[in-house]
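A short write-up of the structure that comes next.
The values are calculated or read from the model by the stated rules, or taken from the named source; none is laboratory data. Keep in mind that what you see is a predicted model, and the values were worked out from it rather than measured. Quick reminder, even Gly has a Cβ in these numbers, built from the backbone with ideal geometry, and neighbours come from all protein chains shown. Keep in mind that these areas ignore ligands, DNA and RNA; they rest on the heavy atoms of the full protein, side chains included. Shrake-Rupley method; radii C 1.70, N 1.55, O 1.52, S 1.80 Å.
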Amino acid sequence: MVTQKIVATPPKTSIFLTLTIRPGAESAVLALLPGISGRTRSVGFRHPDLDLLNVVGIGSDAWDRLFPHAPKPKNLHPFQELHGQPHRAPSTPGDLLFHIRGRTPDMCFELARLLMVDFGPHVDVEDEVHAFKYFDERDLLGFVDGTENPEDQDAYDAVLVDDDPRFAAGSYVHVQKYTHDMSAWESISVEEQERVIGRTKSDDVEFSDDAKPSNSHLALNDVSDEDGNDLDILRYNMAFGDFSSGDMGTYFIGYAKDPGVTEQMLENMFLGDPPGNYDRILDFSTAQTGALFFVPSIDLLDEIDALAEDSPEPADEPEPSAPLATDTEPGDNPHVGFTVGPLRD
Ligand code: HEM
């Protein structure tokens, strides 16, 4: 099984397209999904040095509509809205996500354009964000964003499903569009901004645990399992802005093998840890959208129309005798039981 290209060097520019499938357009969309990899290759191959990538996600309601009789990824569900005091994380519609990234906006735009020629008649665009990295890997708050992302094998271990063999090499992805109150943010000192995040602004150095306020973004996003092992997600946040509406902010996107990890972080941020000790970043950032998607492996995506032909199953358990498809000898990847390479988009 081969993963979609989730793990990659940070892009310079992205387009995030969240779509809903029109009633009755399920079979048209099903027929188009297997062709997405080819579209990405058509555009990307013209400039291989520009690292054009596209990751496709499918939302929970869409899965039920497209594949009513097929098994469902076990952790795919609608985004869980959070009502903290005083901040709220809304759940907004999303059947398909296209996470398009690269080094230049023309490549991203061309791929989005071709995809919308195909999908446009069958979907509504719920959210569209053309985003960029602000100077040296910064978000619009001016902080370097992404430093503590897991790397190499740790990144694959963090994002690829390893406990649901039918969906091996898949992943889950949460997205949220945040708008920033830039005047409020700029009205506080750099030292105070650093206490909000938990790192220094200019040179991106993490505060020591003693110096990190308990309501800082870093303190609340440091989550671990019951044995004390760190639980990671992989983020590709980007800045966006629009002068006519005045909306500007950070598009959060986080991949995880278990969406429960990201949800734990969101609970810490919005409800607080302990309850009421919410993330101070939210005093300057408002979540406008929220959605969860499953990211199938590239092998599954390329033949996903076949899944719709599945007949009802008596149980959702995997066949014990069905071996995992691997490209390499067993044991090459002791953590996940299948190989992740070679990567294709
Ligand atoms: C307004 C939106 C957000 C902004 C501007 C933002 C910005 C940042 C910045 C500047 C850092 C420090 C550098 C780094 O390691 O990347 C960071 C770290 C982090 N953020 Fe966010 N973030 C946002 C939303 C979120 C959300 C919604 C989550 C999770 C649900 C999240 C999870 C994390 C994690 C896990 C880290 C690394 C913590 C560590 O291990 O040090 N962030 N973020």
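Report the normalised scattering of region 107-265 as log10 I(q)/I(0) at q = 0.09 Å⁻¹, calculated by the Debye formula with identical scatterers on the alpha carbons. One equal scatterer on each Cα of region 107-265 leads to -0.38.
Here the scattering of the chain is modelled by Debye summation over its C-alpha atoms, one equal scatterer each and no solvent; at q = 0.14, 0.15 Å⁻¹ the log10 of I(q)/I(0) is -1.20, -1.37.
Decide, for region 114-170, between rounded, prolate and oblate: order the square roots of the alpha carbon gyration tensor eigenvalues as a ≥ b ≥ c, take rounded if a/c falls under 1.5, and otherwise choose prolate if a/b is larger than b/c, else oblate. Since a/c reaches 1.5 but b/c is at least a/b, the shape of region 114-170 is classed as oblate. Full extension of the chain between residue 310 and residue 124 yields a length gain of 64.3 nm, computed as 0.36 nm times the residue separation minus the alpha carbon distance.
The distance between label points at residue 242 and residue 202 comes to 3.6 nm (points 7 Å beyond Cα on the Cα→Cβ vector). Here each label is just a point 7 Å from Cα along the line to Cβ, and for residue 187 and residue 45 those points are 5.5 nm apart. Compared with the alpha-carbon gap, the fully stretched path from residue 28 to residue 61 is longer by 10.2 nm at 0.36 nm per residue. Length available on full extension from residue 114 to residue 277: 0.36 nm per residue minus the Cα-Cα distance, which gives 54.1 nm. Annotation for region 1-90: chymotrypsin sites (Phe, Trp or Tyr not before Pro) lying in DSSP loop with at most 16 further Cβ atoms inside 10 Å of their Cβ are 45.
Distance from the alpha carbon centroid of region 222-272 to that of region 1-58 works out to 22 angstrom.
Taking a ≥ b ≥ c as the square roots of the eigenvalues of the alpha carbon gyration tensor, region 38-104 is oblate, as a/c is not under 1.5 and a/b does not beat b/c. Estimated purely from DSSP H runs of n ≥ 4, each contributing -39500 (n - 2.57), the mean residue ellipticity at 222 nm for the chain is -6500 deg cm²/dmol once divided by its residues. The fraction of accessible area contributed by carbon and sulfur in the chain is 50 percent, rounded to a whole number (1.4 Å probe; ligands and nucleic acids excluded).
Relative contact order, percent, of region 56-174 when contacts are C-alpha pairs under 8 Å separated by at least 6 residues? Answer for region 56-174 is 20 percent.
Measuring nothing but how far apart in sequence close Cα pairs (under 8 Å, 6+ apart) lie, relative to its length, the chain scores a relative contact order of 30 percent.
Backbone geometry of region 45-56 corresponds, through the Karplus equation with coefficients 6.51, -1.76 and 1.60 at θ = phi - 60°, to 3J(HN,Hα) couplings of 5, 5, 9, x, 6, 9, 6, 6, 10, 9, 10, 10 Hz, x marking Gly and Pro. Counting only lysines at least 8 places from residue 133 when in the same chain, those with an alpha carbon closer than 17 Å to its own are 12, 177, 201. Using a probe of 1.4 angstrom and keeping all protein chains present, the accessible surface of region 87-192 works out to 41 square angstrom per residue.
A simple spin-label model places the labels of residue 224 and residue 81 3.5 nm from each other, with each point 7 Å out along Cα-to-Cβ. To make sure I understand the rule: partners must be aspartates and glutamates, Cα under 16 Å from the Cα of residue 257, and not fewer than 8 residues away in the same chain. Which ones qualify? Answer for residue 257, where 16 Å is the Cα cut-off: 151, 152, 154, 157, 162, 163, 164, 225, 230, 232, listed by chain and number.
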